[in-house]
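In what follows, a single structure is set out as structure tokens and then discussed.
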Amino acid sequence: MKHLAALALAFAATPAMADIAQTVDHRYADSDGVRIHYAVTGEGPLVVMIHGFPDYWYSWRHQMEALNDRFRVAAVDQRGYNLSEKPKGVENYAMPLLVQDVTAVIAAEGEDSAIVVGHDWGGAVAWNLAMARPELVDLLIILNLPHPNGLARELRNNPEQQANSQYAMEFRKPGAHEQLTAEALAGWVSDESARRRYVEAFGRSDFEAMLNYYKANYPDVSAAASDAPAPPPLPKVRAPVLMFHGLEDRALLPAGLNGTWNWLDRDLTLVTVPGAGHFVQQDAAALVSATMRSWLLQRRG
């Protein structure tokens, strides 16, 4: 692990570069009539990065800078966010459509497959893409989002996870989006200059669309739901997987990681990060960037 520590220190010590937002190429993909925005930097094998809630493509700025000398990184604005289109209706945020958005980005970049990276809801999309369309996913990187089987198990059996997921049930209530503001949604961003960008991006976003992800896809954590029959088994993930998990995440507890290897056909590299929270790609940016780069170069360098 010494080489990873050295890489992390190198990234941490690098003088501030021009903000990635000033250098990316802004592109759009057509996902069955829904316009999906994404920001691109670098050349090489395609890496598609998918953000979660509440976030936008800029979440990946540190990793984009760490990879763009060897990879072409396309960071997506998910539908409903920032510069992507914002179709109305819960049904327009069902998981198959979110997966389709990523397939549209891969196709728009002229590729048959890609390295896929996802955090939070982006992680859910990445897992589902890898299971539904395995031929499109060369390598899979997941940040702070257990495998769907692990999350479902914890929501059925773990009272602490059930309690910590009550916020999601609040998000599913009618009119919940009316309580949101751009400033409050950006409150988790610790970097002041980045926070200003977030407030602007959320000002362009649709709060109701953000919560439609929960209404369309989040498992019910009620007692009645815990007694329901388990869903049919999911296909195993065929791609090698790298997972990061900030251990201070209170929304998604690390117990959900247990047994992940049972749902994969290939190798799993699991990196748990003490002191980092839900947004591990920003809380531990140097470590995540260096580890991600090293792992990718070993396989696609």
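The values are calculated or read from the model by the stated rules, or taken from the named source; none is laboratory data. Computed from a predicted model, the values in this text were never measured in an experiment. No Cβ is skipped: glycine too gets one built from the backbone with ideal geometry, and neighbour counts run over all protein chains shown. For accessibility, only protein heavy atoms count, side chains too; no ligands or nucleic acids. Shrake-Rupley method; radii C 1.70, N 1.55, O 1.52, S 1.80 Å.
Some points to look at:
- Scanning the range 78-99 for residues that are part of a loop (DSSP other than H, G, I, E, B) and of a type in the set (Ser, Thr, Tyr) yields a count of 2.
- Residue that is nearest to the chain's Cα centre (by Cα), among those in the range 151-165 that are closer than 9 Å to residue 252 by Cβ and open to solvent by less than 30 Å² (accessible area, probe 1.4 Å): 151
- Breaking point among (1) open to solvent by 50 Å² or more (accessible area, probe 1.4 Å); (2) in contact (Cβ under 8 Å) with a residue 60 or more places away in the chain; (3) within 23 Å of residue 254 (Cβ to Cβ), for residue 108: (3)
- Residue in the range 111-121 that is aliphatic (A, V, I, L, M), in contact (Cβ under 8 Å) with a residue 12 or more places away in the chain, open to solvent by less than 20 Å² (accessible area, probe 1.4 Å) and outside any strand (DSSP E or B) present: no
- Test for residue 39: is it without any contact (Cβ under 8 Å) to a residue 40 or more places away in the chain and either open to solvent by less than 60 Å² (accessible area, probe 1.4 Å) or out of contact with any strand residue (DSSP E or B) (no Cβ under 8 Å at 6 or more places or on another chain) (or both): yes
- Helices (runs of 4 or more DSSP H) wholly inside the range 168-235 that include at least 2 residues being under 15 Å from residue 90 (Cα atoms), open to solvent by 40 Å² or more (accessible area, probe 1.4 Å) and of a type outside the set (A, V, I, L, M, F, W, C): 207-217
- Only a single item in (1) under 22 Å from residue 211 (Cα atoms); (2) open to solvent by 20 Å² or more (accessible area, probe 1.4 Å) is not met by residue 134, and it is number (1).
- Among the residues making up the range 267-280, none is farther than 21 Å from residue 52 by Cβ and surrounded by 13 or more Cβ atoms within 10 Å (Cβ to Cβ).
- Residue within the range 53-70 that is under 23 Å from residue 280 (Cβ atoms), touching a residue at least 24 places away in the same chain (Cβ under 8 Å), of a type in the set (S, T, N, Q) and buried (at least 24 other Cβ atoms within 10 Å of the Cβ) present: yes
- One residue alone among 299, 293 is outside any strand (DSSP E or B), touching a residue at least 60 places away in the same chain (Cβ under 8 Å) and buried (at least 18 other Cβ atoms within 10 Å of the Cβ), and that residue is 293.
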